[in-house]
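The values are calculated or read from the model by the stated rules, or taken from the named source; none is laboratory data. None of these values were measured; they are calculated from a predicted model. Here the Cβ is made from the backbone with ideal geometry for all residues, glycine too, and neighbour counts use every protein chain on show.
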């Protein structure tokens, strides 16, 4: 077998995604997957240890690429923290929509599977949130003193729950161009912090419950 030249991480993403969409299941094993695509099995392991790792990294890859695109807009000093988050999310969900069949296949119908597949993305999201200046967020400025001191880890967890909720909403969204997902994202970015202002000492996971209630209120 002649080894394919320059097999890359992105090429494996493409080949694996095509396989999932065409067959509706994972390849039987890495050896057959590599053989069918004319590269050596050992080349696969330069990037991934198995198919589950591909799936986890594919979603993270989409988010990373979205951040790169958003950075072109977010580099301006005039862009607020809220706008930076929204810009990144809107691009990310556009990328999800462009790959909707594949993303839905990876995430599955059960929430537990979705959370499992989002593990790599969670770390990238945490790093993104840590780069933002929340002192300039108008809602935070108006908040009580204890909210302004809301620790970084808790804030990261709150915003991660928000993103997961938005993804779950998008999975079930049947509106044209998934326009309700955009509304959900913007609405809950604000209402989530309003909730914290009202009850600043509540556990972070209470926000998750709030977001799910908000989802079912949307008409």
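Among helices (runs of 4 or more DSSP H) lying entirely in segment 79-172, which contain 1 or more residues that are closer than 14 Å to residue 59 by Cβ and either modelled with pLDDT under 95 or under 13 Å from the mean Cα position of the chain (by Cα) (or both)?
Values: elements: 81-98, 100-107, 111-117, 119-130, 138-141, 145-148, 152-172.
It comes to 81-98, 100-107, 111-117, 119-130, 152-172.
Flag not set for residue 76, criterion: buried (at least 19 other Cβ atoms within 10 Å of the Cβ) and assigned by TED's automatic domain parsing to the domain that holds residue 167.
Could you please give the count of residues in segment 11-25 that are part of a helix (DSSP H, G or I) and farther than 18 Å from residue 59 by Cβ? Lay out the reasoning, then the answer.
Keep residues of segment 11-25 that are part of a helix (DSSP H, G or I), which gives 11-23.
Keeping just the survivors that are farther than 18 Å from residue 59 by Cβ gives 22-23.
Residues in segment 11-25 being part of a helix (DSSP H, G or I) and farther than 18 Å from residue 59 by Cβ: 2 in total.
For the condition outside any helix (DSSP H, G or I), modelled with pLDDT of 95 or more and either surrounded by 13 or more Cβ atoms within 10 Å (Cβ to Cβ) or in contact with a strand residue (DSSP E or B) (Cβ under 9 Å, 6 or more places away or on another chain) (or both), residue 33 does not qualify.
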